[in-house]
Amino acid sequence: MAAPKLNLTINGNDVELVFGVRFVHELNKAFGIERDGFNIGMGFTLILPPLLQYDPDALAKVIYCASYKNSPRPTMDQIYDSLDELDDLEQTFDEVMGCLKASSATKRTLATLTIKEQAEEQKSN
């Protein structure tokens, strides 16, 4: 099964987002944890909680990392501007989350973290 894809218009250009293993690599490269000069990853695990809270900055970062195949790649400023122009940002969140739920590279982590968050939320109530 191929990695899920999503097309967005960013800065007037059609941008293909790909949510596979390379996407996770891009997240690790950009947002992974550094230990003793070595990146140990965890980029997806770190970006997921704010993404689940509908944090638009987290969404922009996910879009940037998923746009790795595009040349030229959209800049973060272009992504922020394009998100600001949307009438329904929630729809974009839902489309991205649908891709993450379908991707063999991310669905297990997403399911595990979602279950843990729900359990912690129930404890606090």
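The values are calculated or read from the model by the stated rules, or taken from the named source; none is laboratory data. Computed from a predicted model, the values in this text were never measured in an experiment. Neighbour counts run over all protein chains shown; Cβ positions are idealised from the backbone, glycine included. Just so you know, the surface numbers come from the protein's heavy atoms only, side chains and all, with ligands and any DNA or RNA stripped out. Shrake-Rupley method; radii C 1.70, N 1.55, O 1.52, S 1.80 Å.
In percent, what relative contact order does the stretch 1-111 have, based on Cα pairs under 8 Å that are 6 or more apart in sequence?
Values: 143 pairs, mean separation 34.5, N = 111.
Value for the stretch 1-111: 31 percent.
Quick one: with all protein chains in place, what share of the accessible area of the chain is carbon or sulfur, to the nearest percent (1.4 Å probe)?
Details: 3650 of 7630 Å².
Carbon and sulfur atoms account for 48 percent of the accessible area of the chain.
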Hey, rough spin-label estimate for residue 77 and residue 94, points 7 angstrom out along Cα→Cβ, what's it come to in nanometres? 3.3 nm
Once the other residues with Cβ under 12 Å from the Cβ of residue 16 are scored (Lys, Arg +1; Asp, Glu -1), what is the net sum? +2
Any chance you could give the angle, 0 to 90 degrees and rounded to 10, that helix 76-85 forms with the longest Cα principal axis of the chain? 90 degrees
So what's the angle, to the nearest 10 degrees on a 0 to 90 scale, between helix 43-52 and the longest Cα principal axis of the chain? 90 degrees
Can you work out the accessible area per residue across the stretch 1-87, with the rest of the protein chains kept in place, probe 1.4 Å, in square angstrom? 58 Å²
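Working with all protein chains in place, sort 63, 33, 115, 40 by solvent-accessible area computed with a 1.4 Å probe, largest first. Don't skip to the answer; put the middle values down first.
On the way: 63 0, 33 50, 115 110, 40 85 Å².
Ranked list, largest accessible area first: 115, 40, 33, 63.
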Charge dipole (the stretch 59-107, unit charges on Cβ, about Cα centre) - positive-most of 106, 63, 75: 106
